[in-house]
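Working notes for the structure below.
Taken together, the values in this text are just the output of simple stated rules run on the coordinates, not laboratory data. Values in this document were obtained by computation on a predicted structure and should not be read as measured data. When we count neighbours, we look across all protein chains shown, and the Cβ atoms used for this are built from the backbone with ideal geometry, even at glycine.
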Amino acid sequence: MSNPEQTNPVIIETDRSTSLVRIQNLSKTFPVASGFFRKGNSFIHAVDDISFEVGEGEILGLIGESGCGKTTTGKLLVKLETPTSGQVFLKNTHVEVKLPKQKAGVAKATSAKTKAISLVTSDGFADIAHLRGRSLKLFRRNVQMIFQDPYESLNPRMTIYDICAEPLSVQSIGSLMEREARVAELMDLVGLTPPETFLFRYPHELSGGQRQRVAIARAMILNPSFIVADEPTSMLDVSIRTGVMNLMLELREKFKISYLYITHDLAVARYMCDRIAVMYLGKIVEMGQTEDIIQNPQHPYTRALISAVPIPDPSVRRQPMELKGGVTKPINPKPRCRFYERCPMATQRCATSDHPPLEDKGSGHSVACYEV
Amino acid sequence: MALLEVKDLSMHYWTRKGEVKAVDEVGFSLEKGESLGLVGESGCGKTSMALTLLKLLPENAKILKGHIFFYKEFQPQTANALLGEMVNLVPQKANGRASTLGRLTRIEGEKLLVQPARNGATKAPSPVSFSFSEIAQVGLDLVPLREERMQRVRWKGISMIFQAAMNSWNPVYRVGDQILEAMQTHLPKTSVQQSKKRIAELFQMVGLDPRMMERYPHEYSGGMKQRAVIAMALSCDPELIIADEPTTALDVIVQDKILREMRQIQKQLHMSMIYISHDIAVIAEVSEKIGVMYGGKLVELADTQTIFERPAHPYTKALMSSFPNLKGEKKKLEALPGEPPDLISPPTGCRFHPRCPYATEVCKEKDPVLEVRQPGQVAACWNPLH
Amino acid sequence: MQVTTKTLPPSLWRVRMHLWLKGMGQSWSTFRESPIGVTGLVIIVFFGLLGAFYPIYPWFMGKIAWDQETIQKEGIDLNIVYNPIFGVGNDPLLIKGFPQPPSLRHPLGTNADGPDVLAQIMYSASREFLLGMMAALITVIIGTFIGAVAAYYGGWIDTLFMRLADVFVLFPPIAFLVVVSALVQRAGIEMTHMLLALILGLLFGFGSITIVLKSQALTIKVKPYIEAARVAGGSSFHIIFAHIIPNILPLSFLYMMFNVTTAIFSEAALSFFGLLPSINMSWGLMLFRAHTQGWILGHQGAFYWWVWMPPGLAVTLLCSAFYLVGRGLDEIVNPRLRKR
Ligand SMILES: Nc1ncnc2c1ncn2[C@@H]1O[C@H](COP(=O)(O)OP(=O)(O)OP(=O)(O)O)[C@@H](O)[C@H]1O
Ligand SMILES: Nc1ncnc2c1ncn2[C@@H]1O[C@H](COP(=O)(O)OP(=O)(O)OP(=O)(O)O)[C@@H](O)[C@H]1O
Ligand code: SF4
Ligand code: SF4
Ligand SMILES: [Mg+2]
Ligand SMILES: [Mg+2]
């Protein structure tokens, strides 16, 4: 973050009016548990100064290897974690931001004013960091999350009905009868038909795919406009996975929902996403239209990643790109390109400069690399 | 030359809820130096199949029927060791005699006497005699083999990379010592010094620094742990390695590297491999032949190219079209309706019929058997795609 | 919100009831397969019946064995009424200052001052139950709540309760109870079964059970469904009561069984030391009296076995019965132990 160029976010979307979520210079560090070896002052830079936008009805894919900070990014967006620095802005009319009461005193009035400006931007975005009480609750209706493990994300002691109706009951929406009807409607929507046969079963009586559909129904029941889907199909069987992916695509069409679709599987990302952001050790190293990234990857990491994906077609021969070493943890990273140690293209400049900024290389394809 | 031949093999588990028909009448064969991929969804019996081949089954499991022939070239001096075992004698090609399955009862000079299996006949068939020069290969049947004999086949003949084995390193011992211990139990004749040298070689072969032998598992990354597991599987010079989901938990870049290394080692040592995975893309990269399993059954077996270009079984086709692809045109994937079968009470007839778009009446009643569709391709389906 | 006309089973609670019963049925069939659990249950039922039938026994015996006629026939004062529990107005036939061996009139014999041993055992059984259950219930309610809260909030709340638990665990419970009952006595408060249950419940509730339940709650706290509930807008209260507590409840229930054992045993021990003067009858007290009157000492113990063996056996059996049931439940509660 010492790089002054990065205090202003890179603007990726040309048409800003359609974006729904905008994050700016978002960072999250976790203190490293001080064991025998490291004491204090060590931090994992799980998410390190990233900025992007998600358009309305858009699916943005976040891909990267294990531990690169995908889940942490997702949790920051739904306010399950609070950022160390940076903002998450959400465009939504429902969000009511309480402004500090303007009491007597000129000095106070001005400070309140500046605060107000940082809360709600001129184009109607609100910083979710400041949501409290009722406005936080309303925010919760708008932004939902689907978790990776369908075996752990449903409470084993609750029936499917209770699980799906939970968001309604904690938000005190509707009467009991209305809730039932709404749950049944959602079950229909996610393909658990007839609903009556599923409503009063427990999660362990359902298969993985059915559970993930329940999780989707729960996420959809409050009519959110933005869903963070954290590897929703990675634990599912092949024949089941396609059904869930198609369902999510249908829901997007029907309700114009935006997704942040987290996955480590490039083929899945290609199938699901409009745009892809590639993450490496807490940084976004490349971002652009899906086909652009897949067909014409620029960053050496993305290229290695794409060349390593096995192709289910024996007639296609890949040219794998060799990388040195393996993924490490971003603990107190050195101020240089995060990919430097493994990069086959690294130069002197990469060794001496800070991590390269994410720069637009034309047609919304941005890359963070000095050598591209 | 065949190395392994599996015939009509069934293995079930007994549980509180009922009998889990995890491996049902599976048959295939594997040549020396060949790699076979077994692909199928979670719970279709891939791991069970592998454990059955090694007879490393839990107490509630039982092999109901079938044969697992582990072939060796016939050598007269080793014939004594086979005395009393069930064997399949394969005569020289030119000879014209049929291969014979039976118990090796006697060795008389230059001759082997085999008592063929009864096969339902009321009268025991008369013993068959083979002269040493007639025999090309002897296949030892692992199914009736006693445990002491089986232990000699394990690791040295067939070794296995277990599913999630990389997480089963004992955290309190050095990795090298753990491999050493395994080697000492299976090859008691080799000295510690020799074994250590061998392990160092193996580490080099799988792309690990031999100095890592002295390190503890927690100092290894996921990929390194898996490499060490592969080194351990190689330690007794097996003729066949069964790799159960060897790269599933790894990131793509590491996965790709390890798969390439495994393929290279296999070529170099002229080993046979059975790769097990749920990911058909991984299987396609490393195997010459692919077997598709569904609900405890092998439904199709063909060479990789054929499986991709002309699948005969509807499930194979469905499996392939439900995988998103990174190359080529982006097309809408077809989801398969329904759920994988419950192996306690699987559907009657063809186990795929409730989900099959080609199902007809006969599929609900009669169980299809593996039939040759074209040279090098077998499929079990009443209405094959070609 | 859009309301569709789709109709569902109108009475949700009936479906719930059905599900609950089904779940109980399944648990019961698992439990039934555990021989130790069933043994425990049989013993508990046996003592339960013993307690339940108490009023019938003296009535029946009064009719056939202890009735006035019998007494009269032997030429004894009509005005003296036999009380089989306390021996008030002792059965005159029996006043010899020595325990009487089992006979048809007294199946388990009598104590030195006359009361019927079986009647005393039966009379105490229901009280032992009540005490055990009450104490265990209090323990478990406190333990579950504190465990869940400490795990959920962590920080100083956690530290506070855990240090408190350490203190309670460190004190030997019997010694602590001795002190408490002495204090209660000094304060002039009558130590009833209820008060004792409360003290026992509090003592064990803040102790080791909170540590165990907290660690269980910690494993629940990190589950994704907790995060899902937070994303849906669930408050801390909601998460603790709708997610964490229901998931540690089976374990709490298991500990309740073990705590019944502890409570009954503690009461017996306190009575045995004569520290509960206001509890006028219990198995422990029977042992206390047998001991103080010297019927247990030396060769006397073997001779007057009916004085001490029935209450001793009753305490041991009932305590171990709850423990066995706990062990049986363990198989239902602990998925690790659950058979495939
Ligand atoms: N609560 C936490 N406390 C400490 N470190 C954490 C915490 N959550 C995540 N981390 C660390 O932050 C880094 C990023 O984790 P994250 O879960 O976001 O990765 P991911 O990309 O989702 O990985 P995966 O593909 O394995 O799910 C990791 O190194 C992880 O160890
Ligand atoms: N020890 C066991 N006892 C009883 N049933 C078992 C046992 N092991 C496996 N099974 C059952 O046998 C079936 C096949 O299991 P198996 O582990 O062979 O599947 P798999 O194809 O390897 O799946 P995965 O891809 O998940 O590893 C499953 O239905 C499983 O539940
Ligand atoms: S900036 Fe340098 S080290 Fe970083 S990816 Fe580009 S070439 Fe490699
Ligand atoms: S046998 Fe019938 S049901 Fe089975 S795969 Fe073939 S067509 Fe489908
Ligand atoms: Mg993650
Ligand atoms: Mg398996």
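Values for this structure:
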{"item": "Fluctuation leader among B:Glu108, B:Glu371, B:Glu239 - chain B, Gaussian network, Cα springs under 10 angstrom", "result": "B:Glu108"}
{"item": "Averaged over B:319-325, number of beta-carbon atoms from partner chains that fall within 10 Å", "result": "6"}
{"item": "Residue-count net charge about C:Ser181 - beta-carbon cut-off 15 Å; Lys, Arg +1, Asp, Glu -1", "result": "-1"}
{"item": "Debye intensity ratio I(q)/I(0), log10, chain B, q values 0.10 Å⁻¹ (C-alpha model)", "result": "-0.73"}
{"item": "DSSP beta bridges in chain B [antiparallel fraction, %, rounded to 5]", "result": "75 percent"}
{"item": "Relative exposure of A:Val190, A:Val372, judged by other C-beta atoms within 10 Å (fewest first)", "result": "A:Val372, A:Val190"}
{"item": "Proxy reagent accessibility, fewest Cβ within 10 Å first, across A:Val21, C:Val179, B:Val252", "result": "C:Val179, B:Val252, A:Val21"}
{"item": "Euclidean distance of C-alpha centroids, segment B:167-192 and segment C:248-263, integer Å", "result": "44 Å"}
{"item": "Cα centroid separation - segment A:260-318 against segment B:46-75, whole Å", "result": "41 Å"}
{"item": "5 angstrom amide H check on B:Ile241, placed H, neighbours 5+ away", "result": "B:Ser159, B:Ser272, B:Met273, B:Ile274"}
{"item": "Cα gyration tensor, the protein assembly as shown - rounded (a/c under 1.5), prolate or oblate", "result": "oblate"}
{"item": "Computed [θ] at 222 nm, deg cm²/dmol, the protein assembly as shown (DSSP H ≥ 4; -39,500 (n - 2.57); rounded to nearest 500)", "result": "-13000 deg cm²/dmol"}
{"item": "Exposure proxy ranking, count of Cβ atoms within 10 Å, fewest first, for C:Trp295, C:Trp156", "result": "C:Trp156, C:Trp295"}
{"item": "Cα centroid separation - segment A:49-92 against segment C:187-236, whole Å", "result": "37 Å"}
{"item": "Principal semi-axes in Å for segment C:215-340 [√(5λ), Cα gyration tensor, largest first]", "result": "47, 17, 8"}
{"item": "Rel. contact order, % - alpha carbon contacts under 8 angstrom, at least six apart, chain B", "result": "18 percent"}
{"item": "Average Cα contact separation per residue, segment A:247-309, under 8 Å, 6 or more apart, as relative contact order %", "result": "21 percent"}
